[in-house]
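Below is one structure, written out as structure tokens; the observations come after it.
The values are calculated or read from the model by the stated rules, or taken from the named source; none is laboratory data. Keep in mind that what you see is a predicted model, and the values were worked out from it rather than measured. So basically every Cβ, Gly included, is an ideal-geometry build from the backbone, and we count neighbours across all protein chains shown. Accessible surface is based on the protein model in full, side chains and every heavy atom, while ligands, DNA and RNA are left aside. Shrake-Rupley method; radii C 1.70, N 1.55, O 1.52, S 1.80 Å.
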Amino acid sequence: MKGKYQFKYVETQEVLTEYMKVNGLLKIPKTYRMVVTTGGLFVLTIMLLNTDVLKRNIGEIFLFALKFLVIWALVFAAAQIVGKTIGKKMEFLAATGDAETIYEKRMQKWKKPAEVKIDFYEECWISHVHGNSQTLHYRNVARIIESEEVIAMIVNSEEGGQRFFAILKNGILDADIEEFKQYLLEKCHGVKKGIEQVSVAEKKKK
């Protein structure tokens, strides 16, 4: 049975790289928050155990806490800048390497790039990749992300956790991609931020 919207394309190494880059961008904020939070708590613990700060009067303890929070906030801001610059470059390098590895393994197993076919129905969508199929439901979609080439969704798994699902935009058949995006927003009631825009395009040197 044909879906309301259909996508069909070959999942080349370049397509896999686009997927991985978008997924990598989504990891950066979580990574820097985890590192800074863990590091801050570690430093605070060391300071409390090795200084007499807790034995001081209330005013001095308050001043210590205020200074620590200000420094911690500045570190968070610095980490965010690093994440958007150096972190982004590192994620893109990792994405390229991961895509190459996955593509090579697929070629060894299947002897040709995977053909992808996705049908979007009223309550769910079904993807077919080299004979394997999976069904995902709109009700479980938490986020929709769009890059220059890809539309990706973060899907809450029925078993717990989340899954990353990506689609190549120019693989759409006999329909307009803007119309499809509106259809997704109407179906995915769990999406609160609309379609989030990210860029994975390499900046051209002048």
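In the assembled protein chains, residue 93 presents an accessible area of approximately 130 Å² (probe radius 1.4 Å). When the GluC sites (Glu not before Pro) in region 129-206 are filtered for DSSP coil states and for at most 16 other beta-carbon atoms within 10 Å of their beta-carbon, the remaining sites are 148, 158, 159, 202. Straight-line cross-link reach from residue 89 at under 13 Å between alpha-carbon atoms covers these aspartates and glutamates, not counting any fewer than eight positions away in the same chain: 202. Here the spin labels are modelled as points 7 Å beyond Cα on the Cα-Cβ line, and at residue 13 and residue 142 they lie 3.3 nm apart. The eigenvalues of the Cα gyration tensor, multiplied by 5 and square-rooted, give the chain an equivalent ellipsoid with semi-axes of 43, 20, 16 Å from largest to smallest. Phi angles of region 154-159 translate, via the Karplus equation with coefficients 6.51, -1.76, 1.60 and θ = phi - 60°, into HN-Hα couplings of 9, 10, 6, 7, 5, 8 Hz per residue; Gly and Pro are given as x. On the principal axes of its alpha carbon atoms, region 124-206 extends 49, 31, 25 Å, with the longest extent given first. Placing +1 on each Lys and Arg Cβ and -1 on each Asp and Glu Cβ, with no other charges, gives the chain a dipole about its Cα centre of roughly 640 debye. For the chain, the per residue solvent-accessible surface stands at 64 Å², with DNA, RNA and ligands left out and a 1.4 Å probe.
Loop-resident trypsin sites (Lys or Arg not before Pro) (DSSP state other than H, G, I, E or B) in region 114-193 with no more than 15 further Cβ atoms inside 10 Å of their Cβ: 192, 193. Counting only protein heavy atoms and a probe of 1.4 Å, the accessible surface of the chain is 59% carbon and sulfur. Near residue 143, the amide H atoms lying under 5 Å from its own belong to 154; only residues 5 or more places off or on other chains count, and H is placed 1.01 Å from N.
Projected label points at residue 41 and residue 62, each 7 Å from Cα along the beta carbon direction, are separated by 2.7 nanometres.
Can you tell me the relative contact order of the chain? Whole percent, Cα pairs under 8 Å, sequence separation 6 or more. In percent, rounded to a whole number, it is 28. Relative contact order, percent, of region 139-206 when contacts are C-alpha pairs under 8 Å separated by at least 6 residues? The normalised contact order for region 139-206 reaches 41 percent.
Counting only DSSP H runs of at least 4 residues, each contributing -39500 (n - 2.57), and dividing by the residue count of the chain, the helix-based mean residue ellipticity at 222 nm comes to -16500 deg cm²/dmol.
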